[in-house]
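Data first, discussion second: the structure below is written as structure tokens.
The values are calculated or read from the model by the stated rules, or taken from the named source; none is laboratory data. Nothing here was measured: the structure is a model prediction, and the numbers come from that model. So basically every Cβ, Gly included, is an ideal-geometry build from the backbone, and we count neighbours across all protein chains shown. Ligands, DNA and RNA are stripped out before the accessible areas are found, and what is left, the full protein with its side chains, is counted by its heavy atoms. Shrake-Rupley method; radii C 1.70, N 1.55, O 1.52, S 1.80 Å.
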Amino acid sequence: MLKLETVSAGYGAAQVLRGVSFEAHPGQILCLVGRNGAGKSTTMKAIMGLLPLMEGRVLCDGAVLSDLPPHKVPALGVGYVPQGRRLFGALTVAENLAVGCLTFGKGNAALDEVLEVFPRLKERLAQRANTLSGGEQQMLAMGRAMCLRPKVLLLDEPTEGLQPSMVAAIRSAADHMRQQGAAVVLVEQRLDAITALADQVVMLENGHLRGTLTRSQLMTEDRGLLEAHLGV
Amino acid sequence: MDFGPYLMLAIMEGALTAAVLALTASGLALVFGVMRVVNVAHGEFFMLGAVLAWWVSQLAGGSPVWGFLLALCVVPLLVGVLAAAVDMTILKRINYDPERTIVATIGILYILQQVTLMTYGPEARPVAPPFNTRVALPWFEMSNGALQLYWPWGLSITSYKLFVIGAACVVLLGLWALMTQTKLGLLMRATEQDREMAHAFGIPVQRVYAIAFGLGAGMAALAAVLIVPIQQAHYLMGGDPLLLSFIVVIIGGLGSLPGAILAALLIGLSDGIISVFFSPTLAKIFATLLVAFVLVFRPNGLWGTRNS
């Protein structure tokens, strides 16, 4: 469904990603791991078209995302939850959710589904996003992306700095998206989350692809290799 | 005239200044808020509105009412479309870089000013007001222990000035409704918050920018159409509205629409009152001093937020 072919990208002249290729499949969670600065968030931005590619291409269902202007990427079913949430802070919860729903005319059905997954947001609809707690903000960030009814969902460290109950809610939402048939790309640093959720693990180091692990490999002999690539 | 009626007269004149200033400054605040562009050419879009209003009223001929109504409908639209074209052909190409947009809008300022001088000429030309009856205003006095209304000599305002104040209130309410109740307003506010995330959620940011820039210039042109029957149209008339709009936007908080409107009220009313009781120069000194104090003690403006 989502395919990266020898993607290189960076910021200005500073190259971060160097020829990275992998494929995420529908109904599966792909965990992207690597130490700080390995290029995980850069990969997410490159997929969304928020960074120009130096070489390679990104495809979704055969369509070349990297040939499109960035605002047309979500229309092909790619939802994004960035690191640090980056909500529209002065807008209310309802307005944040409406941005996703209104843009593509998905309407109330998508919104109702999101509020079913995150019932706490229903109680906060009129509240400004920047007044929510960290966990609620993360729920909103995920809900906003889910309003697009994405075929591919990119989650960049969604559980970072959250209390355990919130972590569970976010993981449950990621699992919900997998069950809905979406290909979920998850940047994650916690080993327990990776082993609980991942169908496939892609390891990055200094912008290079260092290897991939399937779920069965993950549960057996290559766990040490994975631990070596987790962030500090 | 007694002090009370005299103060009333000053307040009415101040309200007129505030109304026009609120329209002009809210356009500038909108452009800065959504695009983070300091539009130095904003005053020239105001000037263009006044000059085009004169042109349209001449073309329409006949009754001044029809000429004015036509100008009110057509001129803000024309100026808005021109500004949107400027955004797409110039500002977009320099990627809205803060420093380069300042230089680019200074260039646009001179182009608009000199093209107007070459085509319209250096004369100041009047536009006939659509109606202009004098409306006497009442005052009250204590007589035999009770309040009694009376009509002091000289306490009056023209019906057209009252119309300008009313029209500005209606337009500002409309702008508020556009920003808070419509899809376009939501997309503009989302873009204002985070341009990159707006892209990531499918908002066509370039189109939103063109609309915001056009809307901001259209607001300035609308203010000019309303004021040109009171002031004359002249190719150098954009300087004062630009300076006052900057003062208002800085005091109100950069990019804050409610702040711009409240600051326009403050500056407009103080301008009216100080001009009537003392001198217009003192009013300008007061406004400039207020900006200096705001910049020193509240750099985000009286109603601005930290991230503005």
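Quick rundown of the values:
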{"read-out": "Residue match in the range A:88-96 (condition: more than 20 Å from residue A:41 (Cα to Cα), aromatic (Phe, Trp, Tyr) and surrounded by 16 or more Cβ atoms within 10 Å (Cβ to Cβ))", "value": "no"}
{"read-out": "Residue B:212 being buried (at least 21 other Cβ atoms within 10 Å of the Cβ) and touching a residue at least 12 places away in the same chain (Cβ under 8 Å)", "value": "yes"}
{"read-out": "Test set (1) open to solvent by 10 Å² or more (accessible area, probe 1.4 Å); (2) at pLDDT 90 or above; (3) assigned to a helix (DSSP H, G or I); (4) away from chain B (no Cβ under 14 Å) - residue A:174 fails condition number", "value": "(1)"}
{"read-out": "Any hit, the range A:43-53, residues being modelled with pLDDT of 95 or more, within 24 Å of residue A:181 (Cα to Cα) and more than 14 Å from chain B (Cβ to nearest Cβ)", "value": "yes"}
{"read-out": "Meets criteria (in contact with a His (Cβ under 7 Å, 6 or more places away or on another chain) and open to solvent by 40 Å² or more (accessible area, probe 1.4 Å)) for residue B:124", "value": "yes"}
{"read-out": "Residue check, residue A:110 open to solvent by less than 40 Å² (accessible area, probe 1.4 Å) and at pLDDT below 90", "value": "yes"}
{"read-out": "Some residue of the range A:205-214 being modelled with pLDDT of 90 or more, closer than 19 Å to residue A:83 by Cα, out of contact with any Asp or Glu (no Cβ under 9 Å at 6 or more places or on another chain) and open to solvent by less than 60 Å² (accessible area, probe 1.4 Å)", "value": "yes"}
{"read-out": "The lone exception for residue B:237 - which of (1) in a helix (DSSP H, G or I); (2) closer than 15 Å to residue B:79 by Cβ; (3) open to solvent by 10 Å² or more (accessible area, probe 1.4 Å) it fails", "value": "(1)"}
{"read-out": "Residue within the range B:148-167 that is within 16 Å of the chain's Cα centre (by Cα), open to solvent by less than 10 Å² (accessible area, probe 1.4 Å) and more than 14 Å from every other protein chain (Cβ to nearest Cβ) present", "value": "yes"}
{"read-out": "Residue in the range A:146-153 that is in contact with a Lys or Arg (Cβ under 9 Å, 6 or more places away or on another chain), at pLDDT below 95, open to solvent by 10 Å² or more (accessible area, probe 1.4 Å) and in a loop (DSSP other than H, G, I, E, B) present", "value": "yes"}
